[in-house]
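The structure under discussion appears below in the form of structure tokens.
The values are calculated or read from the model by the stated rules, or taken from the named source; none is laboratory data. Note that the coordinates shown come from a computational prediction; the quantities given were computed from them, not determined experimentally. Please note: Cβ atoms are built from the backbone with ideal geometry, for glycine as well, and neighbour counts cover all protein chains shown. SASA here: full protein model, heavy atoms, side chains in, ligands and nucleic acids out. Shrake-Rupley method; radii C 1.70, N 1.55, O 1.52, S 1.80 Å.
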Amino acid sequence: RAVLGQPVGQWVDDLLLALAVALAEIGAASALAAHRQHRPIDAAGYALLAGGSAVLALRRRYVVPVLAATYVLTFAYLAVERHVGAVWLAVIVAVATAVAAGKRAAAIGFVAAGYVGFLWGPALLTGRHAPPAVFAVSLGCGLALLLGIAELARLRAQRAIALAEGREQEALRRAGEERLRMARELHDVVAHNIAVINVQAGTALHLMDREPERARSAL
């Protein structure tokens with residue numbers, strides 16, 4: 001069965017993934033707040049974390065909108081809370097989904113914009129110092145690695161699909177050849193029997209008046 005053109009099994013998988021990401025992000029942020037003895041995360045922070053994860057349930061059908069939503073909700077959370085934790089997990093899943101769906105330009109664009117906004121946005125808005133160059137380079141390398149891994153996963157998935165289709169086509173070809181062989185054998189058998197019938201009928205016709213018993217046997 002399918003819902004909105006998507007198999008039910010995929011909907012269930014995406015819902016479970018969204019739930020797992022929400023639990024991971026909320027749990028990590030809460031644990032970090034408790035460990036540092038800061039004020040606990042308020043309801044708005046929890047709602048933003050949950051919303052950023054919940055949209056992943058639609059990640060296959062609305063790839064780019066879900067990617068945009070995860071970025072917006074994640075940056076909104078970072079604007080009201082200081083406990084980062086695993087807050088980027090939903091974004092990572094959305095980026096990987098976009099690359100897998102062939103939306104590489106959108107994925108790269110959002111990653112680049114997020115990279116610039118996360119590193120230098122606070123400095124421009126609040127006058128804080130820019131992050132250290134080592135951190136900026138390390139983060140850039142990590143994001144490039146993320147995109148590379150997602151692209152490799154996409155290529156492997158495409159190769160697996162191509163191999164499966166090739167095996168299916170080979171099986172169909174072999175089945176067609178087997179049917180053709182059986183048809184040829186059946187044709188040969190039928191043609192032989194028709195030839196024998198023709199000979200026997202001709203013999204019976206020839207003997208019908210002179211040797212009716214032999215004609216009866218032939219028939």
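About its Cα centre, the chain has a charge dipole of approximately 520 debye under the convention of +1 per Lys or Arg Cβ and -1 per Asp or Glu Cβ, with nothing else charged. Applying 0.36 nm per residue to the separation of Arg61 and Val196 and subtracting their alpha-carbon distance, the gain on full extension is 42.0 nm. Counted by Cβ distance under 13 Å from Val95, the other residues give a net charge of +3, where Lys and Arg count +1 and Asp and Glu count -1.
In the neighborhood of Ala107, defined by Cβ-to-Cβ distances under 13 Å, what is the net charge if each Lys or Arg adds +1 and each Asp or Glu adds -1?
After counting each charged neighbour, the total is +3.
Charged neighbours of Thr74, selected by a Cβ distance under 13 Å, balance to -2 (K, R count +1; D, E count -1). Residues whose amide H lies under 5 Å from that of Ala86, counting only those 5 or more places away or on a different chain, are Ala28, Ala29; hydrogens are built 1.01 Å from N in the peptide plane.
Estimated from the Cβ-Cβ distance and a Förster radius of 35 angstrom, the FRET efficiency linking Ile92 and Ala162 is about 0.85.
Just one of (1) 0.95; (2) 0.97; (3) 1.54 is Rg/Rh (Cα atoms, Kirkwood Rh) calculated from these coordinates, so which is it? Matching entry in (1) 0.95; (2) 0.97; (3) 1.54: (3). Surface composition of region 178-219: carbon and sulfur make up 61 percent of the accessible area, probe 1.4 Å. At a probe radius of 1.4 angstrom, the accessible area of the chain per residue rounds to 65 square angstrom. Remark: the Leu23-Val134 segment gains 36.8 nm on full extension, using 0.36 nm per residue and subtracting the alpha carbon distance.
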